[in-house]
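Nothing in this text is a laboratory measurement; each read-out follows from the coordinates by a stated rule. Note that the coordinates shown come from a computational prediction; the quantities given were computed from them, not determined experimentally. Neighbour counts are summed over all protein chains in view; Cβ atoms, including those assigned to glycine, are modelled from backbone coordinates with ideal geometry.
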Amino acid sequence: MGVPFPFHRVVKRVLPRSLLGRSLLMILVPLVLLQAVALQVYYGSHLNLVYRRLSDSLVGEIDFSLALMHRYPGAANRAWILPLAEHDFGFAMRLEPGAALRHTGLRVNVIGPMDDLLEAALRDSLHRRFDMDWTYERGAVRIRVQLADGVLDILAPRKRVDLGTIWLFVLWLVGTSALLFAVAAMFMRNQVRGIRRLADAVEAFGLGRDRGPIHPEGAVEVRRAATAFNRMQERILRFLTQRTEMLAGVSHDLRTPLTRMKLALEMLPVHPGQSEDLAELGTDIAEMERMIEAYLAFARGEGMEQAAAGDLAAMLREIAADARRGGTAVEVDVPAVLPLRFRVDALRRAITNLVDNAGRHARHVKLAAHPTGARGVLVTVDDDGPGIPPDRREGVFRPFESDSAGGTGLGLTIARDIVRAHGGDITLEESPLGGLRARIRLPV
């Protein structure tokens with residue numbers, strides 16, 4: 001049993017994928033079918049019948065002339081029969097005594113059904129050997145009929161069996177269809193333009209780029225969709241602003257009690273056996289202060305910074321240089337230039353967090369980036385540390401979950417939020433160096 005032909009897959013590959021292409025195809029297919037039906041009705045039926053009747057008329061006149069020559073034989077009778085046929089029927093006839101046909105039938109095919117129909121009519125009516133030449137003289141068709149004593153040469157006007165209006169009809173049919181298609185394509189392009197702008201605005205908003213409200217245009221449905229998107233964008237931005245301001249305010253208010261706790265901790269008298277507990281308490285307060293500072297920095301960048309064109313490769317080299325100054329051995333593998341549109345401070349904060357997190361528990365860190373096709377960039381942070389078990393990798397992105405260091409915080413949570421605000425994502429997996437790999441995918 002053979003494998004069935006994947007017809008639907010071939011159709012999907014051939015058909016256009018864009019809305020404009022499919023809309024134009026829906027207009028073009030009926031136009032082509034209309035032309036095919038019109039040509040079949042006119043060219044295949046009516047025109048064919050007209051050509052057949054014209055051919056039968058010409059052949060009937062030739063047959064009548066041959067019948068006269070057969071009834072009144074002799075050169076004297078031919079002297080008045082041939083001029084009479086030329087005068088009454090409108091075609092020239094002359095006899096070539098003793099000649100013989102070298103070819104029979106149709107010599108050269110011409111465009112249209114008239115040559116085949118005329119040949120069929122001659123075969124059915126004359127029952128003699130003949131040949132036909134449509135290229136002998138412009139505007140005429142040459143018919144040579146074999147007689148007993150020679151060859152009868154007939155030069156008939158081509159307009160007797162050929163309608164020149166067929167080309168005018170085809171030109172009119174194709175021209176009007178092309179004009180209708182051009183007008184429909186112009187209107188469809190204007191309608192699709194609004195949908196394209198809406199799609200671009202949605203994609204930009206998903207990548208964290210605030211382009212402001214879009215101008216509704218196009219059909220009523222497209223305008224309604226654009227208006228709904230503007231309202232949705234406004235509500236989401238207002239919600240994000242309120243959330244960020246609220247959490248930033250909470251984080252800012254927490255700094256005051258933390259400062260009092262630090263001051264009180266430093267002024268406490270140290271009793272024997274309590275130094276270790278006081279040191280751990282100081283470490284916890286410092287960790288809380290660090291998390292609050294990190295979130296405040298994130299909130300400020302989230303609320304104010306806009307995406308701009310920059311060189312991601314240069315920024316990664318700067319991050320690696322800062323990490324080396326902090327004592328981390330970082331290897332960099334990036335192209336010379338990697339242009340990208342991103343929020344510089346926010347993305348720098350996210351990648352720096354990943355590099356610092358890897359450097360705290362590994363001897364060697366590798367920072368790499370390269371394009372993935374025409375619409376993506378992949379950034380990887382590898383280390384040779386202990387790594388994270390697969391069942392705990394997703395949990396470290398939740399706030400205050402244990403990270404690879406065994407501590408808690410908002411670092412990876414904020415890093416993922418920043419990357420997702422750019423339209424990308426972060427995933428963790430096993431590194432070729434033996435530790436953990438953070439894979440960052442960013443759209444171009």
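A few remarks follow.
- Phi-based couplings in Hz for region 191-198 (Karplus 6.51, -1.76, 1.60; Gly and Pro marked x): 6, 6, 4, x, 5, 5, 5, 5
- Interchain or long-range residues, amide H under 5 Å from V377's placed H: T372, L442, V444
- This ranking places I62, I236, I27, I111 by how few other beta-carbon atoms lie within 10 Å of each, fewest first, which gives I111, I236, I27, I62.
- For the chain, calculated [θ]222 nm from helices alone, where every DSSP H run of n ≥ 4 adds -39500 (n - 2.57): -19000 deg cm²/dmol
- Derived scalar couplings ³J(HN,Hα) [region 312-318; Karplus, 6.51 cos²θ - 1.76 cosθ + 1.60; whole Hz; x for Gly, Pro]: 5, 4, 5, 5, 5, 5, 5
- Cα→Cβ-extended label distance, 7 Å offset, between D345 and V37, nm: 6.7 nm
- Rounded to the nearest angstrom and listed largest first, the equivalent-ellipsoid semi-axes of region 13-163 from its Cα gyration tensor are 46, 15, 12.
- Under a Gaussian network description of the chain, with springs only between Cα atoms under 10 Å, the residue in S23, S55, S275 that fluctuates furthest is S275.
- Annotation: amide H of V141 within the under-5 Å range of A156, R158, sequence separation 5 or more or interchain, hydrogens built in the peptide plane.
- The HN-Hα couplings worked out from phi for region 323-338 by the Karplus form 6.51 cos²θ - 1.76 cosθ + 1.60 (θ = phi - 60°) are 5, 5, 5, x, x, 9, 7, 10, 9, 10, 10, 9, x, 4, 9, 9 Hz, whole numbers, x standing for Gly and Pro.
- Amide H to amide H, with H built 1.01 Å from N, G387 comes under 5 Å of L436, counting only residues 5 or more places away or on other chains.
- For the chain: Kirkwood Rh in Å [reciprocal of mean 1/r, alpha carbons]: 31.2 Å
- Label-point gap, in nm, between W172 and L101 - each point 7 angstrom along Cα→Cβ: 3.8 nm
- Comparing L106, L34, L180 in a Gaussian network model of the chain where C-alpha atoms under 10 Å apart are linked, the largest mean-square fluctuation is found at L106.
- Given +1 at the Cβ of Lys and Arg, -1 at the Cβ of Asp and Glu and no other charges, the dipole of the chain around its Cα centre is 1480 debye to the nearest 20.
- Annotation for region 338-390: trypsin sites (Lys or Arg not before Pro) lying in DSSP loop with at most 12 further Cβ atoms inside 10 Å of their Cβ are R363, R375.
- DSSP-assigned coil residues among trypsin sites (Lys or Arg not before Pro) in region 66-138, each with at most 16 further Cβ atoms within 10 Å: R102, R107, R128, R129, R138
- Under 13 Å, Cβ to Cβ, from R238 - net charge with Lys/Arg +1 and Asp/Glu -1: 0
- Global form of region 145-263, assessed from the alpha-carbon gyration tensor, a/c cut-off 1.5: prolate
- The C-alpha atoms of the chain define a longest principal axis, and helix 75-89 lies at about 40 degrees to it.
- Value in Å of the Kirkwood radius, where region 306-443 supplies the Cα pairs that are averaged: 14.8 Å
- Summing Lys and Arg as +1 and Asp and Glu as -1 over all other residues whose Cβ lies under 12 Å from the Cβ of E61 gives a net charge of -3.
- Cα shape, region 129-181, gyration tensor, a/c 1.5 rule: prolate
- Selection from A85, G139, V202 lying farthest towards where the dipole of the chain points positive, charges on Cβ: A85
- Here the Gaussian network model covers the chain, with springs between Cα atoms less than 10 Å apart; of P371, P269, P335, P269 fluctuates the most.
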